[in-house]
Amino acid sequence: MSKSSESRRKICEAAIAIAGRDGFAAMSLDAVAAEAGVSKGGLLYHFGTKEELVHGTLEHFSEAGRQMLLERIAKDPTAHMRWARGVVACMFPTEEELASSKRELDPSVIFNFMLSMLSVAADRKIDVEPITSLGNELRDQLLEQEEAGLEQLLVWLAIDGLMVWQLLGLISREDELFDRIGDALRERVGLPASKEAKKSSSRGAKKSSGRAKKGGR
């Protein structure tokens, strides 16, 4: 990667971090330059206006997401539900999957940035064409398999619904329910449960066993 490309990447990732943490309104040129550790002039070399920065950041986010998904799919030898497994693995990876992946985007970063984007996209304050383009591509791929097309689409919609719940304050990433939903989706598409899910299941089994013993006395 050239020095110019690396600088552009740092700027886009800084913009993603700010938008996810503080909202799109906080994504000023000065704030992004400071977050990226570059001069404002260095930022303006790549993005002349905030509109160009927003569009470039959305393009970077979409491409990073596409590459992350394709990497996961390329490792999956089973065609049935492959795209749904890729989506779920990207959003709810195990620690082992995170360690072995070359991903640029952490799941929490994806969720936070998408939430921030949804909050302003509804008012048409930004042009989300790069995200829409990726969404159309993903929808077509999910529906391409006639047997599992709709089932795969429902998995994606479940993840989107989880984002809406976060936006409404009905759930947060710190809630145990969030992890349980993630592991339920992993199980639905044929992925192994995370270690935390296994621990939770083991604790639940022990509690049930304990209640059964008490009831038997």
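The numbers here are math on the coordinates, done by the rules we state, and not lab data. Note that the coordinates shown come from a computational prediction; the quantities given were computed from them, not determined experimentally. Using ideal geometry, Cβ is built from the backbone for each residue, glycine included, and neighbour counts are taken over all protein chains shown.
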> When region 11-41 is examined, which residues are found to be of a type outside the set (A, V, I, L, M) and either over 21 Å from the mean Cα position of the chain (by Cα) or crowded, with 18+ Cβ neighbours inside 10 Å (or both)?
Replying inline: Cys12, Glu13, Gly20, Phe24, Ser28, Asp30, Glu35, Gly37, Ser39, Lys40, Gly41
> Of the residues Leu154, Leu162, which is in contact (Cβ under 8 Å) with a residue 12 or more places away in the chain, more than 30 Å from Glu6 (Cα to Cα), of a type in the set (A, V, I, L, M, F, W, C) and surrounded by 12 or more Cβ atoms within 10 Å (Cβ to Cβ)?
Replying inline: Leu162
> Within region 53-64, which residues are buried (at least 22 other Cβ atoms within 10 Å of the Cβ) and closer than 20 Å to Asp160 by Cβ?
Replying inline: Leu58, Phe61
> Tell me, which residue of region 165-178 that is touching a helix residue (DSSP H, G or I) at 6+ places or on another chain (Cβ under 8 Å) and assigned to a helix (DSSP H, G or I) is surrounded by the fewest Cβ atoms within 10 Å (Cβ to Cβ)?
Replying inline: Glu176
> Looking at Ile11, is it in contact with an Asp or Glu (Cβ under 6 Å, 6 or more places away or on another chain), part of a helix (DSSP H, G or I) and over 30 Å from Ala193 (Cβ atoms)?
Replying inline: no
>> Please verify whether Leu44 is surrounded by fewer than 21 Cβ atoms within 10 Å (Cβ to Cβ) and either of a type in the set (Lys, Arg) or in a loop (DSSP other than H, G, I, E, B) (or both), treating the condition exactly as stated.
In response: no
>> Which of the helices (runs of 4 or more DSSP H) found entirely inside region 58-163 contain at least 3 residues meeting this: farther than 26 Å from Asp175 by Cα and more than 14 Å from the chain's Cα centre (by Cα)?
In response: 129-144
>> With the requirement that a residue be touching a Cys at 6+ places or on another chain (Cβ under 8 Å) and within 15 Å of Ser4 (Cα to Cα), what does region 44-64 give you?
In response: Gly56, His60
> Among all residue pairs at least 6 apart or on different chains, which show Cβ distances below 6 Å where the first residue, located in region 75-92, is under 13 Å from Leu154 (Cβ atoms) and the second is assigned to a loop (DSSP other than H, G, I, E, B) and of a type outside the set (Lys, Arg)?
Replying inline: Met81/Ala148
> Got a sec? Which of Ala74, Ala79 is surrounded by fewer than 16 Cβ atoms within 10 Å (Cβ to Cβ) and within 14 Å of Val189 (Cβ to Cβ)?
Replying inline: Ala79
